[in-house]
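Have a look at the structure below, then the notes.
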Number of protein chains: 2
Amino acid sequence: MLLLRRCHRLTRFGPLNTQRHQAAPAVASCAVRLRSGSSGEDQRSYQHAHGPSWRQALAGVLAGTGAVLAYGLHHHKAEQVDTIEKASALPIFTQEEVTSHRSLEDGVWVTYKGAVYNITEFVAMHPGGDKILLAAGGDLEPFWALYAVHKQEHVLEILAEYKIGELRAEDLKKQQSVKSSDPYSSDPERHPVLRINSLKPFNAEPPPEILTDSYITPSPIFFKRNHLPVPQVDPGSYRLHVEGLPGGALTLSLEELKTRFPKHTITATLQCAGNRRSEMNKVKQVKGLNWGIAAISNATWSGARLRDVLLAAGYGPDVAKRACHVQFEGLDKDVTGTTYGASIPLNKAVSEEGDVLLAYEMNGEDLPADHGYPVRVVVPGTVGARNVKWLGKIIVSAEESSSHWQQNDYKGFSPATDWDTVDFKSAPAIQELPIQSAITVPADGTAVDRSGEEVTVKGYAWSGGGREVVRVDVSLDGGKTWQVAQLRSSDKDQAPEVSPPPGRAWAWKLWEITVPLPAEAQELEIVCKAVDNSYNMQPDTVAPIWNLRGVLSNAWHRVKVKIREDESEE
Amino acid sequence: MLLLRRCHRLTRFGPLNTQRHQAAPAVASCAVRLRSGSSGEDQRSYQHAHGPSWRQALAGVLAGTGAVLAYGLHHHKAEQVDTIEKASALPIFTQEEVTSHRSLEDGVWVTYKGAVYNITEFVAMHPGGDKILLAAGGDLEPFWALYAVHKQEHVLEILAEYKIGELRAEDLKKQQSVKSSDPYSSDPERHPVLRINSLKPFNAEPPPEILTDSYITPSPIFFKRNHLPVPQVDPGSYRLHVEGLPGGALTLSLEELKTRFPKHTITATLQCAGNRRSEMNKVKQVKGLNWGIAAISNATWSGARLRDVLLAAGYGPDVAKRACHVQFEGLDKDVTGTTYGASIPLNKAVSEEGDVLLAYEMNGEDLPADHGYPVRVVVPGTVGARNVKWLGKIIVSAEESSSHWQQNDYKGFSPATDWDTVDFKSAPAIQELPIQSAITVPADGTAVDRSGEEVTVKGYAWSGGGREVVRVDVSLDGGKTWQVAQLRSSDKDQAPEVSPPPGRAWAWKLWEITVPLPAEAQELEIVCKAVDNSYNMQPDTVAPIWNLRGVLSNAWHRVKVKIREDESEE
């Protein structure tokens, strides 16, 4: 009961935080997270002076949880400042005293490498939102082990400002004897060609020129976008739970999922909402992984249709009268037990034409560990973030997922919106993605030989919502004149895939065009833009679609290429 | 049989025409169109010399049927040149001789005001496509009465080049005794506030500043887009025919349509594919009516659901195995009996969430004559052209409508495509429209008073495919900085409409923002751009989306407004 009461207290204090950091941790999981301790009535207050200058400086680094990854810039310097405050003459506290401060009401204390910090004031400014409260009363180390981005100089400098004392030597000893293990230690091996944007959690993309070599992206180079450590799931004991509104419930083993429902196969492209974020960073710094143009890949996926499983669980045609959303919970979790979560609209989930799969195969083989083994959701036409991997639970609900990633991340805003003004409730969670295309060959900054007389330009194009790409225009002169590229829906030596039914074009198109080199030009500004069958087009420029999280970056893609004159002419 | 053979011949000769003018007139209706006559074996050939200069000049005016409206620029001059060729000393032909030339094989002759023309060479260049063959062997006058755009100087100049002789006086007399009546004489009265783009057929839009005064556009000012004369339909004898693939057929009276099926009401915005075409004309001349920003309006529509009628006609869930399209034929027809036609994908037609109506009410009253009385199709989220008015027939089919408007019009192309290179088969027929918005207040070129200290900007925003508008950004400085406008889904004094289910946002949003006048500025370049819930955005500029038919004009909308300094300060 005590733990439940504490949880309520945490929840009640939510509104004290900034609007963008609203999380509503379920009371039950809260009880698991909080360790037992004293009743915490100690009201001693070590108010530390923090003037407006700090607040202003911090405003610049505030972000959603995903955004703390921006901390990653200087992590090589992190270790050297671990000991800056060692020589202080501040009070000594017991672990018990620290543990008694774990709410905004009682003050929020934490320890780090033997020092004690009162971070009460910082909670509202924490880039990762309320989650910081989960470390309240305890040691930061296991949390920082999860998000390595904390380990950098300026994070430690911020923390130092909140120092109020030292932990009693014997308590520190105890703490150190409980070695925090690396939650990423069991992550799988990855292909060395991948360009790594973040190691923990693992986020990486293939080199663009390799990406469009294959219509179906080989699984090892399919872009990886993990939010948390890869969970180890035993296929024998794996269970998928389907629950939610009264009317249906079902638990399935992997074997049951494979044998009780027809196996359905689709070819579908997945794209991270942050694909091409690096181009937004060039306009103005955003928060998030600095993805290039290859956070997108195409695969075949096989599995049971979500629609069939929901029907088997008792969710018939009437479900729409009470439910609007289908939530997914992953088995990947942070040290507090919080799992990755997302939801999609019910009508997408139950539509015969929605093609939502509970996939257990990728490119004809068991799902790789990085892609959700043994079961993931594939929501074709929908942003990667809703394609929940290592799927543990499906919840039919009147509400969207309450997860951070559904509520306070993966949303689009006006370029005018900054971290001081953003109201995450004002924008819808990204589901269908807009029209997209990019040039994979030639690479930006390379050169082509004048003697070749022509240049071949290649790339990909895709649109969300099952809207088929119908045209890609390519310009060599920065967008003044255009030519139409050839599209294809298969590898070059293979017959094209059968044209998809209307509204179910889930896969990208690869495109290519060979154009004579303009006689006068010394440099080409190659541009591409795609059109889908609702005739939506890409916006011309990045700045007017810039947004603070750097998502939905789909302006015309531009690369500059020099024309190298023949040696004989030089 | 003779007539049928002739029809085949016409069809066989289709490929001689340029690719953009492929029409496949049904043999049956062909038989009705062609008058009886001699067997036409006369092979006399009056080849008229037309050098490349004429071809080049004509290339500039070539267009689809809708495009002949571009002829309208100079129609006031038409009458004065009627007689330019009167003094010629060319041969005299009988009507019988003329009538014997009505195929590309035999030569294509026509008469006009007593002169005879061999237009065989012109057929491939006719802006209206193959339809010109329907006048073969006869008089042009009834056709030109239908499309008043022909009555202008340069059209008559082109015709004059093909003159080969005079019609025998007694045949001319006979011809004149059959007075061609004006097929538009029974068109309804229209509201005087409408801005007329074409009188025959009637095409008009309301003034923009009035348009956004009402969330529901009053029917009299709802934009009018007719392709042909308004047919007079007797509600008592009206019959709607449902037919097509084996498996279903049904004929319904108006009363049966109203009583046998549940009445369903939706609020849906209709937009012409050519809305905002005038902005494309400023980049480079396109072919089509010069619409401003008000070829879009919003109404409530009530009627039977197409889905219900198709089910009653026997088209059950299995229909998708053989059919892919649902075609619509209007009762509006040209002098040859060719009706307006279009089709939509079957899945839109039969989906419970597609909300396609056979509407008999608009804004709570019987459909007005201009909007399809007694029954029209309303295909929400889809381009106006598929919302067939004066609906006569519904055909379930494996094929799209073969009509000119489905095959060779209402398609989007690259800015690189011109009338010499266009291949209408290469682009999909427009169905769902892309994201759109425009500024209705203030009007371009007006002024605001400095003393007012602020400016209020108003407009509309809408997207096709049921995608809800989620944000409108407004800039006063040409797109450098942005602010977010307030959206509304009702009139100001009324409660907002209930939020639509996902994917069924058929109605526009009106938006408004009041912004302080920048202190330094003397002129504002006000810009708007909208975002829908698939996060598609409008392209920045017009030139890169320019296309030869001037459709899909959805770049940022821009108006320039001067700031008038106060008199006291002058």
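When the test is whether a residue is hydrophobic (A, V, I, L, M, F, W, C), within 11 Å of another protein chain (Cβ to nearest Cβ) and either under 30 Å from A:D449 (Cβ atoms) or in contact (Cβ under 8 Å) with a residue 40 or more places away in the chain (or both), A:W508 does not pass it. When A:P501 is tested against (1) modelled with pLDDT of 95 or more; (2) within 12 Å of chain B (Cβ to nearest Cβ), exactly one condition is not met: (1).
Is segment A:470-489 home to any residue that is buried (at least 19 other Cβ atoms within 10 Å of the Cβ), out of contact with any strand residue (DSSP E or B) (no Cβ under 8 Å at 6 or more places or on another chain) and touching a residue at least 12 places away in the same chain (Cβ under 8 Å)? No, that holds for no residue. Residues in segment A:246-256 that are more than 28 Å from the chain's Cα centre (by Cα), among the aliphatic types (A, V, I, L, M) and crowded, with 16+ Cβ neighbours inside 10 Å: A:L250 only. Residue-level analysis places B:I430 among those that are within 30 Å of A:I344 (Cβ to Cβ), surrounded by 24 or more Cβ atoms within 10 Å (Cβ to Cβ) and among the aliphatic types (A, V, I, L, M). For segment B:243-266, check the following and say yes or no: at least one residue is of a type in the set (K, R) and in a loop (DSSP other than H, G, I, E, B). Among the residues of segment B:243-266, at least one is of a type in the set (K, R) and in a loop (DSSP other than H, G, I, E, B), which makes the answer yes.
Within segment A:403-423, the set of residues being under 17 Å from A:G128 (Cβ atoms) and hydrophobic (A, V, I, L, M, F, W, C) comprises A:W405, A:W419, A:V422.
Answer yes or no as to whether B:T421 is closer than 23 Å to B:V551 by Cα and in contact (Cβ under 8 Å) with a residue 24 or more places away in the chain. No: the conditions fail for B:T421. Condition test on A:T94, is it hydroxyl-bearing (S, T, Y) and in contact with a Lys or Arg (Cβ under 7 Å, 6 or more places away or on another chain)? Here the answer is yes, as A:T94 does meet what is asked.
Could you tell me whether segment B:272-282 includes any residue that is of a type in the set (K, R), surrounded by 14 or more Cβ atoms within 10 Å (Cβ to Cβ) and within 30 Å of B:S490 (Cα to Cα)? Yes, segment B:272-282 has at least one match.
Starting from residues that are over 13 Å from the mean Cα position of the chain (by Cα) and either more than 14 Å from chain A (Cβ to nearest Cβ) or not small (G, A, S) (or both), keep the ones in segment B:397-406 and report whichever is nearest to B:V242 (Cα to Cα). If we take residues in segment B:397-406 being over 13 Å from the mean Cα position of the chain (by Cα) and either more than 14 Å from chain A (Cβ to nearest Cβ) or not small (G, A, S) (or both), then B:S397 is nearest to B:V242 (Cα to Cα). Take segment A:426-449 and flag every residue that is hydrophobic (A, V, I, L, M, F, W, C), more than 13 Å from chain B (Cβ to nearest Cβ) and part of a loop (DSSP other than H, G, I, E, B). Selection gives A:A443 alone. Does B:R549 meet the test of being more than 9 Å from chain A (Cβ to nearest Cβ) and in a loop (DSSP other than H, G, I, E, B)? Taking the combined requirement at face value, the residue satisfies it.
Table: residues versus (1) under 26 Å from B:F202 (Cα atoms); (2) in contact (Cβ under 8 Å) with a residue 60 or more places away in the chain; (3) part of a helix (DSSP H, G or I).
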{"site": "B:V116", "(1), (2), (3)": "no, no, no"}
{"site": "B:V123", "(1), (2), (3)": "no, yes, yes"}
{"site": "B:P127", "(1), (2), (3)": "yes, yes, no"}
{"site": "B:G137", "(1), (2), (3)": "no, yes, no"}
{"site": "B:P142", "(1), (2), (3)": "yes, yes, yes"}
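Among the residues of segment A:339-362, the ones that are away from chain B (no Cβ under 12 Å) and among the hydrophobic types (A, V, I, L, M, F, W, C) come to 6 in all. I'd like to know if segment A:409-420 contains one or more residues that are away from chain B (no Cβ under 14 Å) and under 16 Å from the mean Cα position of the chain (by Cα). Scanning segment A:409-420, I find at least one residue that is away from chain B (no Cβ under 14 Å) and under 16 Å from the mean Cα position of the chain (by Cα), so the answer is yes.
Checked against (1) touching a residue at least 60 places away in the same chain (Cβ under 8 Å); (2) acidic (D, E); (3) exposed (fewer than 14 other Cβ atoms within 10 Å of the Cβ); (4) within 17 Å of B:E141 (Cβ to Cβ), B:E166 meets all criteria but (3). Among the residues of segment A:450-475, those identified as part of a loop (DSSP other than H, G, I, E, B) and either within 14 Å of another protein chain (Cβ to nearest Cβ) or modelled with pLDDT of 95 or more (or both) are A:S463, A:G464, A:G465, A:G466, A:R467, A:E468.
Yes or no: segment A:162-169 includes at least one residue that is touching a Ser or Thr at 6+ places or on another chain (Cβ under 8 Å), at pLDDT 85 or above, hydrophobic (A, V, I, L, M, F, W, C) and under 30 Å from A:D106 (Cα atoms). Checked against the condition, which is being touching a Ser or Thr at 6+ places or on another chain (Cβ under 8 Å), at pLDDT 85 or above, hydrophobic (A, V, I, L, M, F, W, C) and under 30 Å from A:D106 (Cα atoms), segment A:162-169 yields at least one hit.
The values are calculated or read from the model by the stated rules, or taken from the named source; none is laboratory data. These numbers were taken from a predicted model, which means no experiment stands behind them. Quick reminder, even Gly has a Cβ in these numbers, built from the backbone with ideal geometry, and neighbours come from all protein chains shown.
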